[in-house]
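None of the figures in this text is laboratory data; all of them are computed from the coordinates on show. Since this is a predicted model, take the numbers as computed values, not measurements. Note that we place each Cβ from the backbone using ideal geometry, even for glycine, and neighbour counts take in every protein chain shown.
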Amino acid sequence: MEMPNFSSFYNSYKDMLFAYLMRRTGDYYLSGDILQESFTRYLDRYGNRRLSAPLLFKIARNALLDDRRKMKRSIQLQDNNEYSGGNAEHLLMVRDEYQRVLAAMQQLGEAEKDILALVVSSDMSYRVIAEITETSEHNVKVRVHRARMKLRKIIERGDKK
């Protein structure tokens, strides 16, 4: 039985995939649900035959789209109170900044959120992200640049309020 391979695959990518999903949804619990759904779909469909991070992220994107189609619900930011230890003031500032960026990302279009979340949440190259998004590597670079510029403007605009 080859389960240890899938187990190590899961352990290697669960945090990156969760970070991607959090950036896409802004919802801690929904991200956890889609994370589990993605790994389950992967295991059911491919088992240990083909352990591929790009394929896993593609399955997660599709699971997210499936959920959006089914629910059509508004996205809510969830407060993640799992910090412990360390400098409480620093952690509060980091959490506040993280929530500001997540809130700003929710103002981006779906394609912009998707591409930024893939780039920031994974250590995958633009070439691999191009495969996942079924576009060219150059197009990925352009879309990432434009999305970052738009996000920066949203954040700056929010600071001036």
Hey, what do the phi angles of region 15-30 turn into as Karplus ³J(HN,Hα) couplings, whole Hz, using 6.51/-1.76/1.60 and θ = phi - 60°, x for Gly and Pro?
5, 5, 5, 4, 4, 4, 5, 4, 5, 6, 9, x, 10, 4, 6, 4
Between Leu43 and Asn139, how high is the FRET efficiency from 1/(1 + (r/R0)^6) when r is the Cβ-Cβ distance and R₀ = 25 Å? Nearest 0.05.
0.20
Tabulate in residue order the Karplus-calculated ³J(HN,Hα) for region 141-157, using 6.51 cos²θ - 1.76 cosθ + 1.60 with θ = phi - 60°, rounded to whole Hz; enter x for Gly and Pro.
4, 5, 5, 5, 4, 5, 5, 5, 5, 5, 4, 4, 5, 4, 5, 4, 4
Can you compute 3J(HN,Hα) from phi for each residue in region 102-115, using the Karplus curve 6.51 cos²θ - 1.76 cosθ + 1.60 with θ = phi - 60°, rounded to whole Hz and x for Gly and Pro?
4, 5, 5, 5, 5, 7, 7, x, 4, 5, 5, 4, 4, 5
